[in-house]
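Engineer: One structure coming up, written as structure tokens, with questions to follow.
The values are calculated or read from the model by the stated rules, or taken from the named source; none is laboratory data. None of the values given here were measured: they were computed from a predicted structure. Heads up, the Cβs are rebuilt from the backbone with ideal geometry, glycines too, and the neighbour counts pull from every protein chain shown. We work out accessible area using only protein heavy atoms, side chains counted, and drop any ligands, DNA or RNA first. Shrake-Rupley method; radii C 1.70, N 1.55, O 1.52, S 1.80 Å.
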Amino acid sequence: ISSLLLVNLNVLGDLLPISDKFIQTIGRIESNNNDFIIGDSGRSISRYQIQRNCYLDAREYNKNITFPYESLTNSNNAKIVLISYLNRYCKNEIKNNDYESLARAWNSGPNWKKKINLTNKYVERFKIAWNEN
């Protein structure tokens, strides 16, 4: 178990860490932490509901991601993609512990600020789940 953990930690490299509570909250609202759920009419997988383009985006940013998209049913792999993706687009939000903005970015992508109204319902769900954790 420790060697697997070390490999996964090394994949994160120099990325900024993100609160475990934030990551758990995203998993809860996306899938109730179901690693095997398929959503968005077959376009999203894993507890964090990751689409292939999001995975490819994270992999382009974090060259240490070498595992296949289909392996995101492994919660550690999915977590690495989530952290890498948010590090790519939301460094200031991570540094400022701006979890609402991180949730909006996760829900709607890197251009979420241009369509903030589309993320309002998601953020309301996020806040409820955050307070329940």
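Engineer: Test ALA105 against the stated conditions and say whether it is part of a helix (DSSP H, G or I), small (Gly, Ala, Ser), at pLDDT 95 or above and closer than 19 Å to ASP14 by Cβ.
Structural biologist: Working: part of a helix (DSSP H, G or I): yes; small (Gly, Ala, Ser): yes; at pLDDT 95 or above: yes; closer than 19 Å to ASP14 by Cβ: no.
So ALA105 fails the test.
Engineer: Okay, next question. Between a residue in segment 19-31 that is farther than 16 Å from ALA105 by Cβ and among the basic types (Lys, Arg) and any residue that is open to solvent by 30 Å² or more (accessible area, probe 1.4 Å) and at pLDDT 95 or above, which pairs come within a Cβ distance under 8 Å, given they are 6 or more apart or on different chains?
Structural biologist: Close Cβ pairs (under 8 Å, with a partner that is open to solvent by 30 Å² or more (accessible area, probe 1.4 Å) and at pLDDT 95 or above) amount to LYS21/TRP130.
Engineer: Looking at segment 69-108, which of its residues are among the charged types (D, E, K, R) and surrounded by fewer than 21 Cβ atoms within 10 Å (Cβ to Cβ)? I'd like the intermediate steps shown before the answer.
Structural biologist: Within segment 69-108, the subset among the charged types (D, E, K, R) is 70, 79, 88, 91, 93, 95, 98, 100, 104.
GLU70, ARG88, LYS91, GLU93, LYS95, ASP98, GLU100 - these are the residues of segment 69-108 that are among the charged types (D, E, K, R) and surrounded by fewer than 21 Cβ atoms within 10 Å (Cβ to Cβ).
Engineer: What do you reckon, is GLN49 under 11 Å from the mean Cα position of the chain (by Cα) and open to solvent by 70 Å² or more (accessible area, probe 1.4 Å)? It would help to see each step written out before you state the result.
Structural biologist: Numbers: under 11 Å from the mean Cα position of the chain (by Cα): yes; open to solvent by 70 Å² or more (accessible area, probe 1.4 Å): no.
No; evaluated as a whole, the condition is false for this residue.
Engineer: Note down all Cβ pairs under 7 Å where the first residue falls in segment 70-83 and is part of a helix (DSSP H, G or I), the second is surrounded by 15 or more Cβ atoms within 10 Å (Cβ to Cβ) and basic (Lys, Arg), and they're at least six residues apart or on different chains.
Structural biologist: SER75/ARG47; ALA78/ARG47
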